[in-house]
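**Student:** Structure provided below as structure tokens; questions to follow.
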Amino acid sequence: MKTLIVYSSKTGNTRKVAEAIHAVLPAGTDIFPVSDAPEPDAYDFVVVGYWVDRGTANTEMAAYMPKICGKKVGIFFTLGAYPHSQHATDSFEAGTKLLGEGCEVVAKFWCQGAIDPKLTSWMSKLPAEHPHSPNPERLRRWEEAAKHPDAADLEAAQSAFRNLF
Ligand SMILES: Cc1cc2nc3c(=O)[nH]c(=O)nc-3n(C[C@H](O)[C@H](O)[C@H](O)COP(=O)(O)O)c2cc1C
């Protein structure tokens, strides 16, 4: 089974998960950042990894995913929100909708990822009435996100993608 991993990562979180997954897929599995990714046509199993941007796959990955048609697919992503939140589930659903026709999602994984300090520092200055302004709950979530992906996340990602076929 010819396998391709394509990922997009602005600050490195999603790349760490991509590399962990690559380590448990069969030898010969190709891995590329989306900017250098080949067309998916020549592969049987295509694994895509994105960071969540406004509730869906980030723009570069969102442009690549519709090219994947009729393949077995794995989806992983990192996000600032908690992994068991509705927002995380919605971010997965939004990602699957970007795939081309006839794909079958056979593996999935997501975890929190440290939020770019440029963004948190910008949000920290927002007025209290703004929906993204910091409140105690949000600050706790940013603090927790800052610890991820950790070793347990990377192991969980590997478990989700090991021995699939
Ligand atoms: C511009 C921007 C938008 C983001 N939007 C969301 C979002 O809608 N939901 C969320 O949970 N996290 C959001 N995040 C957090 C990132 O998805 C998260 O930090 C991710 O791990 C970054 O991955 P990377 O290091 O691979 O770039 C956003 C981050 C940035 C910079």
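The values are calculated or read from the model by the stated rules, or taken from the named source; none is laboratory data. Note that the structure is predicted; figures quoted are calculated from it, not measured. Positions of Cβ are generated from backbone atoms using ideal geometry, with glycine treated the same way; all protein chains shown enter the neighbour counts. Calculation scope for accessible area: heavy atoms of the full protein, side chains included, ligands and nucleic acids excluded. Shrake-Rupley method; radii C 1.70, N 1.55, O 1.52, S 1.80 Å.
**Student:** Can you list residue pairs whose Cβ atoms sit under 8 Å apart, with the first residue in the range 113-132 being of a type outside the set (Gly, Ala, Ser) and the second being open to solvent by 60 Å² or more (accessible area, probe 1.4 Å)? Count only pairs 6 or more apart in sequence or on different chains.
**Tutor:** That search, which allows pairs on different chains as well, returns Ile115/Ala146; Asp116/Lys10; Asp116/Thr11; Met123/His132; Leu126/His132.
**Student:** Right, something else. In the range 65-87, which residues are part of a helix (DSSP H, G or I) and either among the basic types (Lys, Arg) or surrounded by fewer than 19 Cβ atoms within 10 Å (Cβ to Cβ) (or both)?
**Tutor:** Listed by number, the residues that qualify are Pro66, Lys67, Gln86, His87.
**Student:** Among the numbered criteria (1) assigned to a helix (DSSP H, G or I); (2) surrounded by 14 or more Cβ atoms within 10 Å (Cβ to Cβ); (3) modelled with pLDDT under 95, which single criterion is violated by Met61?
**Tutor:** (3)
**Student:** Any chance the range 113-131 includes a residue that's of a type in the set (Val, Ile, Thr) and touching a helix residue (DSSP H, G or I) at 6+ places or on another chain (Cβ under 8 Å)?
**Tutor:** Scanning the range 113-131 turns up at least one residue that is of a type in the set (Val, Ile, Thr) and touching a helix residue (DSSP H, G or I) at 6+ places or on another chain (Cβ under 8 Å).
**Student:** So, in the range 4-32, exactly how many residues are away from the ligand (no atom under 14 Å from the Cβ) and of a type in the set (Asp, Glu)?
**Tutor:** Going through the range 4-32 one residue at a time, the tally reaches 1.
**Student:** In the range 93-109, how many residues are buried (at least 21 other Cβ atoms within 10 Å of the Cβ) and part of a helix (DSSP H, G or I)?
**Tutor:** Of the residues in the range 93-109, 1 are buried (at least 21 other Cβ atoms within 10 Å of the Cβ) and part of a helix (DSSP H, G or I).
**Student:** Then there is this: In the range 110-121, which residues are open to solvent by 20 Å² or more (accessible area, probe 1.4 Å) and within 11 Å of the ligand (Cβ to nearest atom)?
**Tutor:** Initially, the range 110-121 is screened for residues open to solvent by 20 Å² or more (accessible area, probe 1.4 Å), giving 110, 114-121.
Trp110, Ala114, Ile115, Asp116, Pro117, Lys118, Leu119, Thr120 - these are the residues of the range 110-121 that are open to solvent by 20 Å² or more (accessible area, probe 1.4 Å) and within 11 Å of the ligand (Cβ to nearest atom).
**Student:** Determine the pairs where a residue that is within 15 Å of Ile21 (Cα to Cα), located within the range 139-165, has a partner that is open to solvent by 100 Å² or more (accessible area, probe 1.4 Å) with Cβ atoms under 7 Å apart, the partner being 6 or more residues away or on another chain.
**Tutor:** Ala160/Lys108; Phe165/Met1
**Student:** Any idea which of Phe109, Phe165 is farther than 17 Å from Trp51 by Cβ and aromatic (Phe, Trp, Tyr)?
**Tutor:** Values: Phe109 fails: farther than 17 Å from Trp51 by Cβ.
Checking each option against the conditions leaves just Phe165.
**Student:** Being of a type in the set (A, V, I, L, M) and more than 15 Å from the ligand (Cβ to nearest atom) is the filter here; which residues of the range 33-46 pass it?
**Tutor:** The answer is Ala37, Ala42, Val46.
**Student:** Determine if the range 123-134 includes at least one residue that is in a helix (DSSP H, G or I) and open to solvent by 80 Å² or more (accessible area, probe 1.4 Å).
**Tutor:** Pass one, the range 123-134, residues in a helix (DSSP H, G or I): 123-124.
Okay, now just the ones that are also open to solvent by 80 Å² or more (accessible area, probe 1.4 Å), so none.
Within the range 123-134 (the criterion being in a helix (DSSP H, G or I) and open to solvent by 80 Å² or more (accessible area, probe 1.4 Å)), the answer is no, since none of the residues qualifies.
**Student:** Condition check: touching a Gly at 6+ places or on another chain (Cβ under 9 Å) and of a type in the set (Ser, Thr, Tyr). Does Thr78 satisfy that?
**Tutor:** Criteria met by Thr78.
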